[in-house]
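Take a look at the structure below.
The values are calculated or read from the model by the stated rules, or taken from the named source; none is laboratory data. Please read these numbers as outputs of a predicted model, since none were measured by experiment. Note that we place each Cβ from the backbone using ideal geometry, even for glycine, and neighbour counts take in every protein chain shown. Remember, those area values only see protein heavy atoms, side chains included, never the ligands or the DNA or RNA. Shrake-Rupley method; radii C 1.70, N 1.55, O 1.52, S 1.80 Å.
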Amino acid sequence: MHFSIPETEVRSDENGSTYVIKKEYGNNVVPAFPPKKIFTLTPAEVEQRREQLEKYMQAVRQDPILGSSEMFNSFLRKAQQDTQQIPTEEVQLEIYLSNGQKVKVNILTSDQTEDVLEAVASKLDLPDELVGYFSLFLVQERGDGGCTYVRKLQEFELPYVSITSLHSSDYRIVLRKSYWDTAYDSDVMDDRVGLNLLYSQTVSDIERGWILVNKEQHRQLKSLQEKGSKKEFIRLAQTLKYYGYIKFDPCITDFPEKGCHVIVGAGNNELNFHVKLPNDQMKEGSFKVTRMRCWRVTSSQVPVANGTANPSSSSKCDVKLELAFEYLMSKDRLQWVTITSQQAIMMSICLQSMVDELMVKKSGGSIKKQMQKKRLNGSFQRSDSQQTVKSPPLLDSPDPSREQVVKISTKLSSVSLRGLSSSNSASDISGNDFHGNYAFEGIGDDDL
């Protein structure tokens, strides 16, 4: 997550907070804090310091021990409120379902993501044990009717502050399932509200073209809709290509060669690539998360037209984000693959959640067991008023222009190549920025 740190905090003595964290968790756990300068900082140096602090917070957030630290999360919550100068007070927040339905919940501006998620679940009468199967996502609505998943709201995030700080009606917070293993669908479908939420999401994903459907499959799905057979509808959708995937906006990759246009999808414990080669040939391939040794997200400033690359100048710069992962292409051969996308953080969050889910399953755990343990530590507060999940309309007739290759080729032709040569993520990697993949350790020769 990226949010601005107040200038007063940038100039203040943050080393006190770092000392407390190091005293609590030890010097070996806490990353090196960005060094301070003795003299008064120039505006450019303040901005540089701000970026260093943001990277520091991201590094600390990736550590499983520090990431769950109430001390660190408290600091992040305060930074968010102070940045936007939003006092703690009662407000009404709008949360959207996949079918566009709006759910209004009464919360505090200081409520974290988990608090808001529980308020939505209470409003919809979703059982406590199913709350952990869903998450809140920040989504941007596009002019063409599509949407961009900006990021999954993190535990320490304050949803009201996040959405308010964007000052745009194009953004909304959307409730969507948060797991990847389709086996968990059965748990959700056993409940009426869970079934309706999953059904609405599946219909929405088909309508926006995220799930690949041919004419015969479309006919079968529509027939099930007309009969009101929601479970059978979902079970048929589970057999379709890209069910449960999140699709990202067209972007750029250096695989199989530099400057290729690509549409990336995350699902089924992989990143799926639809690549348009320089000769306009389309190729599809997948990168399994269990074969990624590690990955990282980097950011750099790219000058706008007629600008300069000098950060200290008054020229405006865009921030370029890259996701780079080291992949086991074959036995004993690792290769870095880089994706240049403004959704790089969201892609990283998807990879991390896939790994977390695999590790929980490997240890014999499950989402249901995690929620049962959570309920023992304190019960959820339920709302007095409930709201019913509306059933989405029947699927529209198949659109010939939605054929996968045509659709992807059209999208990829508009991707900008600006700023690609300004940095190389694979070559400037530092150890502290790695997202280590614990699931990678379980790979054997038979898997290659």
query = Among Ser122, Leu175, Ser186, whose Cα sits farthest toward the positive end of the charge dipole of segment 97-229 (+1 at Cβ of Lys/Arg, -1 at Cβ of Asp/Glu, about the Cα centre)?
reply = Leu175
ask   = In segment 256-285, which GluC sites (Glu not before Pro) are in a loop and have at most 14 other Cβ atoms within 10 Å, using DSSP for the loop call?
value = Glu257
In nm, spacing of pseudo-spin labels at Asp115 and Ser186 (7 Å Cα→C-beta vector) = 3.8 nm
query = Ignoring ligands and nucleic acids, what accessible area does Arg293 show with a 1.4 Å probe (Å², nearest 10)?
reply = 90 Å²
remark   = Counting only protein heavy atoms and leaving out ligands, DNA and RNA, the solvent-accessible surface of Glu118 at a 1.4 Å probe, in Å² to the nearest 10, equals 40 Å²
remark   = Rounded to 0.05, the calculated FRET efficiency for the beta carbons of Arg235 and Met71 at R₀ = 45 Å is 0.50
remark   = Residues whose modelled amide H sits under 5 Å from the amide H of Arg176, counting only those 5 or more places away in sequence or on another chain, are Ser135, Phe137
Relative contact order [Cα under 8 Å, 6+ residues apart], segment 78-118, whole percent = 35 percent
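Using Cα-Cα distances under 8 Å and only pairs 6 or more residues apart, what relative contact order does segment 124-246 have, in percent? Can you show the working numbers first?
Details: 128 pairs, mean separation 28.1, N = 123.
Taking the mean separation of contacting Cα pairs over the length of segment 124-246, I get 23 percent.
Go through segment 125-190 and name the trypsin sites (Lys or Arg not before Pro) that are in a DSSP coil and have 16 or fewer other Cβ atoms within 10 Å of their Cβ.
Passing sites in segment 125-190 are Arg142.
Strictly over 19 Å apart at the Cα level, which of Lys215/Lys241; Lys247/Lys369; Lys241/Lys283; Lys258/Lys288; Lys104/Lys222; Lys177/Lys361 would you flag in this model?
Long pairs (Cα-Cα over 19 Å): Lys247/Lys369; Lys258/Lys288; Lys104/Lys222.
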remark   = The answer for Gln387, listing residues at least 5 apart or on another chain whose modeled amide H is closer than 5 Å to its amide H, is Leu124, Asp125
query = Applying 1/(1 + (r/R0)^6) with R0 = 41 Å to the Cβ-Cβ distance of Asn279 and Val91, what FRET efficiency is obtained, to the nearest 0.05?
reply = 0.15
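Roll a 1.4 angstrom probe over the protein heavy atoms and tell me the percent of accessible area of segment 160-203 that is carbon or sulfur. Let's see the in-between values first.
Details: 650 of 1560 Å².
Carbon-and-sulfur percentage of accessible area, whole number: 42.
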key: Interchain or long-range residues, amide H under 5 Å from Lys241's placed H   = Leu212
key: Net charge over other residues, Cβ less than 11 angstrom from the Cβ of Glu94 (K, R count +1; D, E count -1)   = +3
task = For Thr164 and Arg293, compute 0.36 nm times the residue count separating them, minus their Cα-Cα distance, and round to one decimal in nm.
result = 42.7 nm
